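Just below is one structure, and these are the notes that go with it.
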Amino acid sequence: METKHTPGPWEATKVNWDRTVIRHALRGDAHIPGYLAEVNNIGNDYDGNTKLIVAAPDLLSALRVARQAMADYLPAHRNEVTDAAIAAADAAIARATGHDG
C-alpha cells in the first residue's frame, strides 16, 4: 500500500528566527491549503532543509519520470550504469512512498 502524501506545491513561511511553517500551497475545492509541518530553525540550515522539504513532491515526480525514461531504453542501449540508476531510483521511490520494507 502506498503511503499517502499531500501533493505539491508546498510553500514555506519563516514565522520567526526559530520556526518555519510548511503548508500546502494550492487553493480551491480540490486542494485545501493547510498546515503540513513545522521546521525548527535552531541549529539547522533553514534554507537548505526547507527548500528540500518544499521541493519533495516535485522531486518525487521528476524521479518517477526519469526512472521510466531509463527503463524504456531499448535493451541494446541498457547497461550496468542504467540498470544501477533504475535500481537506485526504485529504492528512493519505495522509501518515499512507504514500499521500502
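The values are calculated or read from the model by the stated rules, or taken from the named source; none is laboratory data. If you're wondering where the values come from, they're calculated on a predicted model, not measured in any experiment. Neighbour counts are summed over all protein chains in view; Cβ atoms, including those assigned to glycine, are modelled from backbone coordinates with ideal geometry. With ligands, DNA and RNA removed, areas are computed over all heavy atoms of the protein, side chains included. Shrake-Rupley method; radii C 1.70, N 1.55, O 1.52, S 1.80 Å.
Quick check on the range 53-101: of everything there that is part of a helix (DSSP H, G or I) and farther than 26 Å from residue 8 by Cα, which residue is least open to solvent (accessible area, probe 1.4 Å)? Let's see the steps before the verdict.
Going residue by residue through the range 53-101, those that are part of a helix (DSSP H, G or I) are 53-71, 75-77, 80-97.
The next check asks that each one be farther than 26 Å from residue 8 by Cα; those that pass are 75-77, 80-84.
Working: 75: 113, 76: 97, 77: 122, 80: 141, 81: 103, 82: 19, 83: 70, 84: 59 Å².
Filtering first and then ranking leaves 82.
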Check: Condition test on residue 50, is it of a type outside the set (A, V, I, L, M, F, W, C), at pLDDT below 85 and open to solvent by less than 60 Å² (accessible area, probe 1.4 Å)?
Finding: yes
Notebook entry, point to check: What are the residue pairs meeting all of these: first residue in the range 89-100, first residue among the charged types (D, E, K, R), second residue part of a helix (DSSP H, G or I) and exposed (fewer than 14 other Cβ atoms within 10 Å of the Cβ), Cβ atoms under 6 Å, and 6 or more apart or on different chains?
Noted result: 100/94
